[in-house]
Amino acid sequence: MEGVTVVSHPLVQHKLTLLRSKDTSTKSFRELLKEIGMLLCYEVTRDLPLADVEIETPLAKMKSPEISGKKLVFAPVLRAGVTFADGMLDLVPTARVAHIGLYREPETFTAVEYFFKAPSDLHERLVIVVSPVLATANLSVAAVDRLKERGANDIRVVSLIASPEGIERMRGIHPDVPVWLAAIDEGLDKNAFIVPGLGDAGDRAYGTR
């Protein structure tokens with residue numbers, strides 16, 4: 001599927017299986033979410049530009065590559081997106097963070113915004129939206145909408161799992177925004193949850209249900 005990358009690395013798939021299990025504890029769920037975030041960060045940043053800089057090792061001077069160009073912004077969708085993004089921040093501690101508070105209205109499934117805070121120079125940065133699931137994709141679409149309104153023009157989305165419907169909606173509305181996933185599931189149930197899925201990521205991460 002154009003613009004969609006499914007990361008099939010064995011560690012990602014193994015940890016995703018543990019996340020899916022209903023027997024996984026709240027503590028373990030958070031830890032796994034953070035670990036998968038770190039692993040997916042490798043993939044979504046694989047093509048970042050490099051430039052040689054001169055350094056001095058204990059033995060000699062040399063030229064060695066470092067990341068150049070745009071700096072990163074991780075934009076987690078609250079709540080579970082924060083833990084997901086924590087793993088990415090462990091790899092890129094200099095990245096800035098935009099927090100996007102959205103929840104899904106339970107009857108219409110539309111996105112309702114309750115908080116947004118982002119760096120002022122989004123137009124100069126690569127922004128990675130971190131959202132655990134793409135079910136209807138309403139939350140991720142709304143997050144990208146808000147980021148674009150604030151000037152972001154280089155955006156990527158990272159999720160654990162997605163439904164085919166969610167991918168179609170995300171790519172249909174924002175075809176310029178590529179998506180990275182660990183899995184594409186069968187579809188949505190009547191409550192717009194992904195099946196087989198992993199349940200409500202926020203509730204499972206923070207023990208609120």
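The values are calculated or read from the model by the stated rules, or taken from the named source; none is laboratory data. All values reported here derive from a predicted model rather than from experimental measurement. No Cβ is skipped: glycine too gets one built from the backbone with ideal geometry, and neighbour counts run over all protein chains shown. Remember, those area values only see protein heavy atoms, side chains included, never the ligands or the DNA or RNA. Shrake-Rupley method; radii C 1.70, N 1.55, O 1.52, S 1.80 Å.
Could you go through segment 42-54 and let me know if any residue there is touching a Lys or Arg at 6+ places or on another chain (Cβ under 6 Å), among the β-branched types (Val, Ile, Thr) and open to solvent by less than 90 Å² (accessible area, probe 1.4 Å).
There is at least one residue in segment 42-54 that is touching a Lys or Arg at 6+ places or on another chain (Cβ under 6 Å), among the β-branched types (Val, Ile, Thr) and open to solvent by less than 90 Å² (accessible area, probe 1.4 Å).
Take the residues in segment 95-105 that are open to solvent by 10 Å² or more (accessible area, probe 1.4 Å) and not in a strand (DSSP E or B); name whichever of them is farthest from Arg46 (Cα to Cα).
In this case the residue turns out to be Glu105.
Which residues, counting only those in segment 190-209, are touching a strand residue (DSSP E or B) at 6+ places or on another chain (Cβ under 8 Å), modelled with pLDDT of 95 or more and either among the β-branched types (Val, Ile, Thr) or surrounded by fewer than 17 Cβ atoms within 10 Å (Cβ to Cβ) (or both)?
Within segment 190-209, Ile194, Val195 qualify.
Could you list, in sequence order, the residues of segment 19-41 that are under 18 Å from Phe84 (Cα atoms), open to solvent by 70 Å² or more (accessible area, probe 1.4 Å) and without any contact (Cβ under 8 Å) to a residue 60 or more places away in the chain?
Lys27, Glu31, Lys34, Glu35
Which residue is nearest to the chain's Cα centre (by Cα), if the candidates are limited to segment 50-86 and must be in a loop (DSSP other than H, G, I, E, B) and at pLDDT below 95?
If we take residues in segment 50-86 being in a loop (DSSP other than H, G, I, E, B) and at pLDDT below 95, then Arg79 is nearest to the chain's Cα centre (by Cα).
Condition check ((1) assigned to a loop (DSSP other than H, G, I, E, B); (2) open to solvent by less than 30 Å² (accessible area, probe 1.4 Å); (3) in contact with a Phe, Trp or Tyr (Cβ under 6 Å, 6 or more places away or on another chain)) across all residues:
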{"position": "Glu107", "(1), (2), (3)": "yes, no, no"}
{"position": "Val112", "(1), (2), (3)": "no, no, yes"}
{"position": "Pro119", "(1), (2), (3)": "yes, yes, no"}
{"position": "His123", "(1), (2), (3)": "no, no, no"}
{"position": "Leu147", "(1), (2), (3)": "no, yes, no"}
{"position": "Met170", "(1), (2), (3)": "no, yes, no"}
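Does segment 87-94 contain at least one residue that is open to solvent by less than 60 Å² (accessible area, probe 1.4 Å), of a type in the set (Val, Ile, Thr), in a strand (DSSP E or B) and more than 18 Å from Ala182 (Cβ to Cβ)?
No - not one qualifying residue is present in segment 87-94.
Has segment 122-143 got any residue that is over 26 Å from Leu39 (Cβ atoms) and in contact with a helix residue (DSSP H, G or I) (Cβ under 6 Å, 6 or more places away or on another chain)?
no
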